[in-house]
Structure formats: C-alpha cells, structure tokens
C-alpha cells in the first residue's frame, strides 16, 4: 500500500521559515517525480513545486519561486519543502503527491502573527 | 499557464441518477505520445483528493466503474452513473501535461 506521510507543519509568524517533510512507502520512491500541492482553507488546489526522480529538474509556482526550495533524499524515501519568508497567503494544507496517483493526508501551515 | 475551467460549480443529484461534469483546458492536453494528460479527482469532506480517472479515460485502481472519463484535446467530461451517497464531495479536473500543473476550481456534488 502506498503511503505518503507529511510532517513539519504548524503556526509560524510572517517572515519566518518552516520545513516540511514527506516520507514515502509502498513504491520505489527514487523512480518517481514528486510534487507539493497546497490548498488554502476553503479553496481549490494549487500546485507548488515539482522535483524529478533524480533531482535534475525542479520547477516552482511563480507565487513561491525564490522563497521555497523542494528537495529529496532517495536513500531516506523523503521529500522536503523548505519554506522561507512566509506570508499569510501561504497558509494552507500542504500535500505531498504524485498527482497522477497518490496524495498524502496533508500538513497544515498557518502563517499568522 | 494552462487554465482549466470546470462547469457547473455545483450540482445536485438524486441518488441513482447520473451526473456529468465538464472541464475545458485553454490549451490542448494531447501530448505527441498520444496521451491526453487530464486527470479527475474527488475530494470527500475532510479528506485528501483521490484519483478517479487518469489520462482522460482510464479508471484508477479501486474506483467503481460508475465513473468514466471522456473528451477531446481540450474538452473533457466526467460522468457518474447511478450516483450514490459516497460520491458526495468536490470534483476537480487537473492537467499534468506541463508545469505549472493546474486544476479546475472544483464542482461540488450534493444529493437531493
């Protein structure tokens, strides 16, 4: 069974940083590109970032470019999202996903003073 | 960016009847490899999105065959036949052809 388990969320002040993790199991993690996708409260889905299987290709949404960094450790089956200079509009449930297949349960990030 | 436009925003369906949701993309989602990269998801209340249909017309594992997907290069339809109570939630279409991946605004399905 595929599992994607996110962690690292919480309440953070504007301008501060936070790092999310996603541990994958049930599939060969190193063979797949991975994504972070977020959902603001009561809103739709917004793709945030993509990283290819070997980390050669990385893409970001314009709304987070320069502030967020996606990375992965294939030896640990773990995906990361380093978020800096956080803004109130980054408040959302963040999903780790292979959107063509599986999604995690999500981790909440709240940016507020 | 590719814009995904869904309609309607909400639909109310009598259990046992069928429902259709439309999605239109601002650009062809047909890749040169012959695959059309449109996907359908259902987000049940309080849950993560779950994949229903991949590559326009392929039923995801474990999804009832009451669900079906069809379409062309830019116009797509999700059909739910014999709607059941467990089908309630928000349906999203999404394109995975190119970054940035984009999603429709969602269609809320309720029961009458």
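Scanning the range B:90-101 for residues that are in contact with a strand residue (DSSP E or B) (Cβ under 7 Å, 6 or more places away or on another chain) and either at the interface with chain A (Cβ under 7 Å from one of its Cβ atoms) or surrounded by fewer than 23 Cβ atoms within 10 Å (Cβ to Cβ) (or both) returns B:90, B:92, B:94, B:96, B:99, B:100, B:101.
Filter the range A:79-101 down to the residues that are closer than 26 Å to residue B:95 by Cα, buried (at least 17 other Cβ atoms within 10 Å of the Cβ) and modelled with pLDDT of 95 or more and list them by number. A:79, A:80, A:81, A:83, A:90, A:91, A:92, A:93, A:94, A:95, A:96, A:97, listed by residue number.
Evaluated against (1) within 14 Å of chain B (Cβ to nearest Cβ); (2) touching a strand residue (DSSP E or B) at 6+ places or on another chain (Cβ under 9 Å), residue A:8 falls short on exactly one condition, (1). Scanning the range A:87-109 for residues that are away from every other protein chain (no Cβ under 14 Å) and not in a loop (DSSP other than H, G, I, E, B) yields a total of 4. Taken together, the residues in the range A:39-53 that are more than 11 Å from every other protein chain (Cβ to nearest Cβ) and either under 21 Å from residue B:40 (Cβ atoms) or surrounded by fewer than 13 Cβ atoms within 10 Å (Cβ to Cβ) (or both) amount to 1. A residue that is touching a residue at least 24 places away in the same chain (Cβ under 8 Å), in a loop (DSSP other than H, G, I, E, B) and out of contact with any strand residue (DSSP E or B) (no Cβ under 6 Å at 6 or more places or on another chain) cannot be found anywhere in the range B:54-69.
Residue selection: residue B:100 satisfies the criterion of being closer than 26 Å to residue A:2 by Cβ and assigned to a loop (DSSP other than H, G, I, E, B).
All but one of (1) assigned to a strand (DSSP E or B); (2) in contact with a helix residue (DSSP H, G or I) (Cβ under 7 Å, 6 or more places away or on another chain) hold for residue A:21; which doesn't? So residue A:21 meets the others, but not (2).
Restricting to the range B:70-89, give me the number of residues that are crowded, with 20+ Cβ neighbours inside 10 Å and either without any contact (Cβ under 8 Å) to a residue 12 or more places away in the chain or within 14 Å of another protein chain (Cβ to nearest Cβ) (or both). Selection size over the range B:70-89: 1. Considering each residue of the range A:8-15 in turn, at least one proves to be on the phi > 0 side of the Ramachandran plot, part of a loop (DSSP other than H, G, I, E, B), under 15 Å from the mean Cα position of the chain (by Cα) and at pLDDT 95 or above. Quick one: which of B:51, B:30 is more than 28 Å from residue A:106 (Cβ to Cβ) and surrounded by 14 or more Cβ atoms within 10 Å (Cβ to Cβ)? When all the criteria are applied, what remains is B:30.
The values are calculated or read from the model by the stated rules, or taken from the named source; none is laboratory data. Please read these numbers as outputs of a predicted model, since none were measured by experiment. Cβ sites come from the backbone with ideal geometry, for glycine too, and all protein chains shown count toward neighbours.
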